[in-house]
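*Asks:* My structure is below; once you've seen it, I'll send some questions.
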Amino acid sequence: MWIIIRLLIGIAILVIVEFYFIKHVNLAIKLFFPNFYQKKFHLVRKVFLVWMNLYPLILIFIFTYFAITGSYLTAPESRIIDYLLIYPFWIFFVLIIQCCLFFIPLDLIKIFSHLFIKRTRTHLLKIRSTLLFLIIGFFIFYIPIRVIYDYNAVSVRTLEYKKENLPPQLENFKIVFISDIQADHFTDEGRLSKYLNKVNSLNPDLVLIAGDLITTGPDYIELSAREVGKLKAKYGVYSCVGDHDNWAYRNDYVRSLTEVKSALNYHGVQMIDNDIKEINVDSAAISITFITNTYVETVSQNILDSLSSSNEGNFKIFLTHQPQEFLIGTAQNNNFDLFLAGHTHGGQITFVFPFVQLTPTMFETQYIRGDFWFGEMLMIVSRGLGMSLAPLRYNSTPEITLINLVNK
């Protein structure tokens, strides 16, 4: 039932936003290209809207089929479908949302001006139409360029964590933190290899991953495990459990997670589920608490408290997938040094707007990306690499975080 409700809400939002966007495009075209508006624009608009909405119609069919039968369908993986249907739809969807965020203030100004200014309405209409045209024109160019950049670029962020009385053995110890690799049709072998080669170029002592090694389906388990297995770190590569690691088989979470763990283990990477791993560096110890808290499984307070209080390393790390408030509070109360999480993709689609970070992720958490201090504990939320729902990133460049431990 919840799938049908979400589907209906999604359709309603899409229809309303498209109508609002097209209404403003009509105004700009009518003013700047009156001949085209009268002769050909209406036909072009109809053809364009049909083309842009073919992909959501396919999704409606897939979700309806799943709701009725319980069997999950996936669209065929084809570069032709990607470039003809999927990418155009999502870029168009980002475009209309992005533009509408600026249309709304203009409409409010219009309403206000009509109340107090009556003689210059024609002049104001021309100014408004010009601004609409500039907004649409700018984002038509900016959005595809930014999407291409965020697909291909990788940002390496280096920071120092200074700790009092850090053992000499841990001085300049290098931890690389990554998340949400999410191997799939869009994050393929080439994209994975480029990202993970950059990790290796940093010569880390330890690599930690905040889960989500795949997106969905079993086809990419081996690819993800094989590529991650190429990571080189003196003290190993470890991951906690992510949401999507449970979804290789949609109706069998246990099988999904078992196969992901097995493939990773075969390639020398441990995915640890609610446990502690101690890394011995000569006579010093880095102790990592791995907490599994996902959409599929919420960690019990008893397990959380037990594992958190049992961590007694010289340097204490709390690694989990989602940056949840109750996990942060527990880690802080138990004097952890680092809290590492992913899940958010850094606000995978983040819209341009003055002074505000607008992304759908803000409805789930306020910790979208970057560094957050809780007393002496530093929380890092990684932007990760992969994508879910929408096969693109917008204003959220993939990230690798290099953490150097330094004596304060």
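The values are calculated or read from the model by the stated rules, or taken from the named source; none is laboratory data. Predicted model only: the values in this text are computed from it and were never measured. When we count neighbours, we look across all protein chains shown, and the Cβ atoms used for this are built from the backbone with ideal geometry, even at glycine. Quick note on the areas: whole protein, heavy atoms, side chains included, nothing else; ligands and nucleic acids left out. Shrake-Rupley method; radii C 1.70, N 1.55, O 1.52, S 1.80 Å.
*Asks:* Considering only I291, N200, Y266, whose Cα is most displaced toward the positive end of the charge dipole of region 190-314, charges sitting on Cβ of Lys, Arg (+1) and Asp, Glu (-1)?
*Replies:* Value computed over the given set: N200.
*Asks:* Right, next: With the other protein chains left in place, how much accessible area per residue, in square angstrom, belongs to region 265-408 at a 1.4 angstrom probe? If you can, show how the numbers build up before the last one.
*Replies:* Working: 5660 Å² over 144 residues.
Value returned for region 265-408: 39 Å² of accessible area per residue.
*Asks:* One quarter of the convex hull surface, Cα atoms only: what value does that give for the chain in nm²?
*Replies:* Seen from a random direction, the Cα hull of the chain projects 23.5 nm² on average.
*Asks:* Let me ask something else. Using a Gaussian network for the chain with springs between C-alpha atoms less than 10 Å apart, which of these wobbles most: L132, L231, L392?
*Replies:* In this elastic network of the chain, the residue with the biggest mean-square fluctuation among L132, L231, L392 is L132.
*Asks:* If I histogram all Cα-Cα distances within region 129-203 using bins 5 Å wide from 0, what percent of pairs lands in each bin?
*Replies:* 3, 10, 15, 14, 12, 11, 10, 9, 7, 4, 2, 2, 1, 0
*Asks:* Restricting to region 147-278, what percent of DSSP beta bridges are antiparallel, rounded to 5?
*Replies:* The antiparallel proportion sits near 0 percent.
*Asks:* Using only the alpha-carbon atoms, how far is helix 41-52 inclined from the longest principal axis of the chain? Give it as 0 to 90 degrees, nearest 10.
*Replies:* 20
*Asks:* What accessible area per residue comes out for region 131-227, rounded to a whole number of Å², with a 1.4 Å probe?
*Replies:* That works out to 41 Å² per residue.
*Asks:* Which far-off residues, 5 or more places away or on another chain, put their amide H under 5 Å from the one on D275, with H placed in the peptide plane?
*Replies:* Here F290 satisfy the definition.
*Asks:* In the structure shown, do any of K198/K234; K194/K230; K23/K46 have a Cα-Cα gap over 19 Å, and if so which?
*Replies:* none
*Asks:* Would you work out the relative contact order for region 163-232, in percent, from Cα pairs under 8 angstrom that are 6 or more residues apart?
*Replies:* Relative contact order comes out at 42 percent.
*Asks:* Rounded to a whole number of µm²/s, how large is the Stokes-Einstein D of region 110-259 at 37 °C and 0.692 mPa s, given Rh as the Kirkwood radius over C-alpha pairs?
*Replies:* On the way: Rh = 19.6 Å.
Reported coefficient: 167 µm²/s.
*Asks:* Enter the angle in degrees (range 0 to 90, nearest 10) between the Cα long axis of helix 121-152 and the first principal axis of the Cα atoms of the chain, meaning the one along which they spread out most.
*Replies:* Between helix and principal axis, roughly 30 degrees.
*Asks:* For N293, what charge total do you get from the other residues with a beta carbon under 12 Å from its beta carbon, if Lys and Arg give +1 and Asp and Glu give -1?
*Replies:* So the environment of N293 carries a net charge of -4.
*Asks:* Note down the magnitude of the dipole of region 223-337 about its Cα centre, charges +1 on Lys and Arg C-beta and -1 on Asp and Glu C-beta and zero elsewhere, to the nearest 20 debye.
*Replies:* Roughly 460 debye, rounded to the nearest 20.
*Asks:* Counting only DSSP beta bridges with both residues in the chain, tell me the antiparallel percent, nearest 5.
*Replies:* Once the DSSP bridges in the chain are tallied, antiparallel ones form about 35 percent.
*Asks:* In debye, nearest 20: dipole of the chain around its Cα centre with unit charges on the Cβ of K, R (+) and D, E (-)?
*Replies:* 2780
*Asks:* Here is a further query. Could you state the angle between the C-alpha long axis of helix 189-201 and the longest principal axis of the C-alpha atoms of the chain, as a value from 0 to 90 degrees rounded to the nearest 10?
*Replies:* 50
*Asks:* For the chain, what % of the accessible area comes from carbon and sulfur atoms, probe 1.4 Å?
*Replies:* The nonpolar share, carbon plus sulfur, comes to 62 percent.
*Asks:* Need one number: nm distance between label points at N407 and I60, each 7 Å from Cα along Cα→Cβ, rounded to one decimal.
*Replies:* Rounded to a tenth, the inter-label distance reads 6.7 nm.
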